[in-house]
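Worksheet: one structure, shown below.
The values are calculated or read from the model by the stated rules, or taken from the named source; none is laboratory data. Small disclaimer: the values here were computed from a predicted structure and weren't measured. Every residue, glycine as well, gets a Cβ built from its backbone with ideal geometry; the counts of neighbours run over all protein chains shown.
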Ligand code: NDP
């Protein structure tokens, strides 16, 4: 299948590209600059232009950004849209988080309808952020599933960058389903909704400072930053990046996936467990928390409960366990100086 993958320089997209190439698909991926093209090419020196090619889209928040990228020879059949900001280094929530998420998503759907009628299916990387109820958080007695929608509105953000991120993912996913319902374009939609994504990095990372957001707590634990107190675990659901990548590809390879959201999560974790795993496998890191270090538990609300059965039944996921994910993440970060 001829696939357009957006945001190819990202943590999740790098693994998705890997699964696409392994499964024999022909991929064009969008990145923001030539420098990022060169980095990805280095990972696949033997893959020809017919299997892996590139398009530059410098800013997905610009209207019409994808108008040209959706056109190719041979024409695309599938789009995987992963590009969206996930970091908290933000001063303007609307411009830096919400606009790229929402305009990026609606922009690519419009571009497909306008310029690329051969595209029959679109998979969007949404998030547990679009499922969670931020007022209820772990919501004792409730099992989160694809049936849940984050009820946030713009007024609920109140200047909080993390709520701004959750809103950006919620508004983007809602806009995508609404577009398909209203416009009845010639393509169908699926979304992949992961919670915290951990696991090895396979993209060419410049240095540890530029690590993707969700793996930062693993880096910080190994660097000794949690020595005196382990920080609050936050949303205690997680998934390995390799499972998220497989989900994106299965979401178009399997016809039953059409029209569905997929809540891809292995289950619960907390920061204490992450520290324990690193201590067990990497004795060279001396400043790790011990059993008696405070913090890092599930917090007052207890662990989140989630139903991942749809992702297992429809996408065929077999989830990688936490221990393997953390060990593989640390090993991968050692190549960039951890
Ligand atoms: P990364 O930061 O590694 O990837 C984000 C990607 O989006 C990068 O390729 C980035 O390009 C691109 N991007 C961001 N803003 C823009 C913009 N304005 N214009 C063009 N490209 C842009 O994070 P992840 O791989 O973790 O995230 C990928 C997707 O997964 C996102 O949609 C995120 O919301 C979602 N997600 C991630 C989770 C996680 O825990 N990691 C959990 C749930 C969902 P560049 O690198 O050049 O800035």
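Numbers below:
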| item | result |
| --- | --- |
| Selection from the range 1-41 of residues that are assigned to a helix (DSSP H, G or I) and away from the ligand (no atom under 16 Å from the Cβ) | 21, 22 |
| Failed item, numbered, when residue 331 is tested on (1) over 19 Å from residue 237 (Cα atoms); (2) touching a helix residue (DSSP H, G or I) at 6+ places or on another chain (Cβ under 6 Å) | (2) |
| Residues satisfying the stated conditions in the range 45-74, i.e. in contact with a strand residue (DSSP E or B) (Cβ under 8 Å, 6 or more places away or on another chain) and either exposed (fewer than 14 other Cβ atoms within 10 Å of the Cβ) or not in a loop (DSSP other than H, G, I, E, B) (or both) | 50, 52, 53, 54, 55, 56, 68, 74 |
| The range 86-103 - residue that is assigned to a helix (DSSP H, G or I) and out of contact with any helix residue (DSSP H, G or I) (no Cβ under 7 Å at 6 or more places or on another chain) and, of those, surrounded by the fewest Cβ atoms within 10 Å (Cβ to Cβ) | 95 |
| Subset of the range 138-151 (residues that are surrounded by 13 or more Cβ atoms within 10 Å (Cβ to Cβ) and under 21 Å from the mean Cα position of the chain (by Cα)) | 138, 144, 145, 146, 148, 149, 150 |
| All positions within the range 53-68 that are more than 11 Å from the ligand (Cβ to nearest atom) and either free of Cβ contacts under 8 Å to residues at least 12 places away in the same chain or under 21 Å from the mean Cα position of the chain (by Cα) (or both) | 54, 55 |
| Meets criteria (away from the ligand (no atom under 14 Å from the Cβ), in contact with a strand residue (DSSP E or B) (Cβ under 7 Å, 6 or more places away or on another chain) and closer than 22 Å to residue 66 by Cα) for residue 180 | yes |
| Count of residues meeting criterion [surrounded by 18 or more Cβ atoms within 10 Å (Cβ to Cβ) and in a helix (DSSP H, G or I)] in the range 114-137 | 3 |
| Of the criteria (1) away from the ligand (no atom under 11 Å from the Cβ); (2) more than 24 Å from residue 266 (Cβ to Cβ); (3) more than 19 Å from the chain's Cα centre (by Cα), which one residue 161 fails | (3) |
| Cβ pairs under 6 Å, 6+ apart, first in the range 135-152 and over 14 Å from residue 306 (Cα atoms), second modelled with pLDDT of 95 or more and outside any loop (DSSP other than H, G, I, E, B) | 150/130; 150/170; 152/167; 152/170 |
| Unique residue being within 16 Å of the ligand (Cβ to nearest atom), under 19 Å from residue 197 (Cα atoms), touching a strand residue (DSSP E or B) at 6+ places or on another chain (Cβ under 9 Å) and touching a residue at least 40 places away in the same chain (Cβ under 8 Å) when the list is 131, 108 | 131 |
| Close pairs (6 angstrom Cβ cut-off, 6 or more residues apart or separate chains): within 20 Å of residue 84 (Cα to Cα) in the range 201-224, more than 10 Å from the ligand (Cβ to nearest atom) anywhere | 201/332; 204/39; 205/336; 211/219; 215/329 |
